[in-house]
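Please treat every number below as a calculation from the coordinates, not as lab data. Computed from a prediction, not measured in an experiment: that's the story for all the values here. Here Cβ is always computed from backbone atoms with ideal geometry, including for glycine, and neighbour counts include all displayed protein chains.
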Amino acid sequence: MLAKARAPRPRPDRSPPEGRHSAAWRSLVLPGLGFVLLIAAAVAHLRRPGVDTKAAPRSGAQTAVPTEAAPMTALDPGLAAALPDLPPPQFAPEASSASGPQAEADRATAERLAARLRAKARLTAEDVRAAEDLYARYPAAARDLLEAVLVASAVAERSARRFDAAAGLLERALTIAPQSPRPRRALLGLRLDVGDWAGAEQAGRALLALSPDDAEAVRAVAYALLRQDRVREATELLAAFLNVHADEETRAFLARIQSDHAPEKSLDEARLAHFHVRYDGDAHEEVGREILRLLDRHYATLARRFDHQPAQPIPVILLSRQEYHAATGAEAWSGGQYDSFDGRVRIPIGGLSAAETPELDETLAHELTHAFVADLSRGLAPNELHEGLAQHVEGRRMSQLDQERLRALADGRLRDVSGFYFGALWLVEDLVAQRGQGGINDLLRAMSATGSVDEAFRHVYGRDFAALQRQAQERLRQRHGS
């Protein structure tokens with residue numbers, strides 16, 4: 001579970017209950033990330049236990065369930081989420097060009113823009129044009145004013161999820177103020193916000209060239225490297241910063257990365273087009289090859305199903321059971337985990353032979369579904385949607401459930417963790433019945449575009465999330481209730 005450092009974006013907080021899953025269904029809780037993966041809140045999260053998954057044994061497989069509630073929250077340390085703290089821009093045109101009615105009108109325009117900036121008012125395209133006009137006439141005097149207007153306007157565009165427009169405004173700010181850290185900081189926040197890890201790295205390194213003591217920027221670059229599966233570079237960057245600066249948040253961030261990835265150091269690696277797979281080559285060479293084949297097959301299936309491919313290769317870590325529990329902190333019966341903090345899938349494979357790897361087939365399909373859904377929705381998909389889709393991709397259907405359990409679910413008597421998962425699957429089946437897989441894909445993309453779960457549901461299905469849940473539950477009662 002990752003907590004938001006700044007003002008939270010409205011999002012449903014619906015978490016599954018604690019306990020063990022009594023039915024033979026596999027699922028994994030994905031913390032509500034949101035591909036708004038920024039760094040300060042992540043560091044706050046580092047001091048708390050990670051989100052684990054538990055699994056109850058079943059014949060030949062395991063069923064994962066959550067160990068703790070995972071509210072739908074997002075990360076946002078405010079790198080570009082709020083108007084920047086800028087000194088009031090001073091507008092003092094040169095004396096040679098500062099007389100007459102035009103100069104007086106320009107002073108009035110500059111004062112109006114400065115007042116709107118001080119009030120943190122939402123700027124308009126007309127305000128940007130006015131600032132550009134002043135800059136055209138007074139390039140030296142109006143530079144700071146135009147920079148402030150462009151950055152503030154970009155923040156407003158980002159808030160409205162118009163990311164291309166925000167990027168254009170920030171690129172313009174960089175052309176007029178190349179030595180200012182403010183537009184670079186806002187651009188870094190924007191790149192992180194949309195999950196453009198390579199772009200975030202580039203923007204962050206440019207910011208650090210101007211502000212090498214900026215701890216938040218260092219953590220942001222390190223996180224962008226981590227999401228590109230460049231763990232060694234991330235740790236080296238953080239360690240080098242800590243050699244010069246005493247910063248506890250950065251130290252905690254480094255400790256978390258080192259702890260999470262320590263078991264990977266001795267593993268062999270296979271880098272494919274869509275995956276970075278690490279495993280103990282001596283002990284699990286045959287198992288590793290077979291899992292690579294399964295991963296490629298599931299990737300192709302999911303890419304067709306969601307009409308989407310994640311921008312980055314997905315790291316898949318195959319560990320001995322002891323190393324798996326050391327890396328994840330999961331309980332002894334855990335069967336797998338997708339970690340939204342670093343985008344990794346971790347699977348315990350100790351004791352498996354190549355002939356037994358088909359038993360992991362459902363687990364791999366389930367975990368990869370979480371990765372696709374998180375990437376497509378920018379981390380906004382609620383747990384119910386995540387879990388329902390992951391089960392649906394596995395081939396689970398409510399029709400497989402016995403009538404007694406269906407009746408208990410419909411009557412609201414199935415209140416353990418299995419009730420959450422069966423309810424999530426029912427919800428997804430209801431959504432698919434309304435608009436098919438295309439509707440699901442439109443919904444996930446709408447979440448990314450709007451930044452709002454409810455707005456996305458209204459746009460695609462005509463009702464907000466809670467209303468659709470009530471509707472699905474009512475249909476369940478009508479068909480299967482006592």
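Give the calculated FRET efficiency between Q102 and R143 to the nearest 0.05, with a Förster radius of 22 Å applied to their Cβ-Cβ distance. Don't skip to the end; give the middle numbers.
Numbers: r = 19 Å, r/R0 = 0.87.
About 0.70, to the nearest 0.05.
Over the residues of the stretch 107-195, compute the C-alpha Rg and express it relative to 2.2 N^0.38 Å.
1.02
Determine, for H392, H245, H370, H276, the number of other Cβ atoms within 10 Å of each Cβ, and report the residues in order from fewest to most.
Arranged by neighbour count, lowest to highest, H392, H245, H370, H276 become H245, H276, H392, H370.
Taking a ≥ b ≥ c as the square roots of the eigenvalues of the Cα gyration tensor of the stretch 95-261, is the shape rounded (a/c under 1.5), prolate (a/b larger than b/c) or oblate? Don't skip to the end; give the middle numbers.
Numbers: a/c = 3.16, a/b = 2.39, b/c = 1.32.
Prolate.
Obtain the nm distance between the two label points defined at R305 and A255 by a simple spin-label model: each point lies 7 Å from its Cα along the Cα-to-C-beta direction.
Result: 3.9 nm between the two label points.
Using the basic label-point model (7 angstrom from Cα toward the beta carbon), what is the A262 to E236 distance in nanometres?
Here the modelled spin labels are 2.2 nm apart.
Are there any trypsin sites (Lys or Arg not before Pro) in the stretch 206-282 that are in a DSSP loop and have at most 12 other Cβ atoms within 10 Å? List them by number.
On the way: sites: R219, R227, R230, R232, R251, R256, K265, R271, R278; in loops: R230, K265.
Here the sparse-neighbourhood loop sites are K265.
Tell me which trypsin sites (Lys or Arg not before Pro) from the stretch 375-482 have a DSSP coil assignment and no more than 16 other beta carbons within 10 Å of their own. Mind showing how you got there, number by number?
Numbers: sites: R378, R396, R397, R405, R407, R413, R415, R435, R445, R458, R463, R470, R475, R477, R479; in loops: R378, R396, R397, R413, R415, R463.
Counting only loop positions with at most 16 other Cβ atoms within 10 Å, the trypsin sites (Lys or Arg not before Pro) in the stretch 375-482 are R397, R413, R415, R463.
Suppose R0 equals 60 Å. What FRET efficiency, 1/(1 + (r/R0)^6) with r the Cβ-Cβ distance, do D133 and E286 give to the nearest 0.05?
Details: r = 70 Å, r/R0 = 1.16.
So, using R0 = 60 Å, E works out to roughly 0.30.
Fewest first, what order do E429, E126 take by the number of other Cβ atoms within 10 Å?
Values: E429 20, E126 8.
Least to most surrounded, the residues fall as E126, E429.
Test of the criteria: in the stretch 107-143, which trypsin sites (Lys or Arg not before Pro) are in a DSSP loop and have at most 15 other Cβ atoms within 10 angstrom of their Cβ?
Numbers: sites: R107, R112, R116, R118, K120, R122, R129, R137, R143; in loops: K120, R122.
Within the stretch 107-143, the qualifying trypsin sites (Lys or Arg not before Pro) (loop, at most 15 other Cβ atoms within 10 Å) are K120, R122.
Full-extension gain between D402 and A209, please, as 0.36 nm times their residue separation minus the C-alpha to C-alpha distance. The partial results should precede the final answer.
Working: separation 193, 0.36 × 193 = 69.48 nm, distance 6.28 nm.
The span from D402 to A209 would gain 63.2 nm if fully extended.
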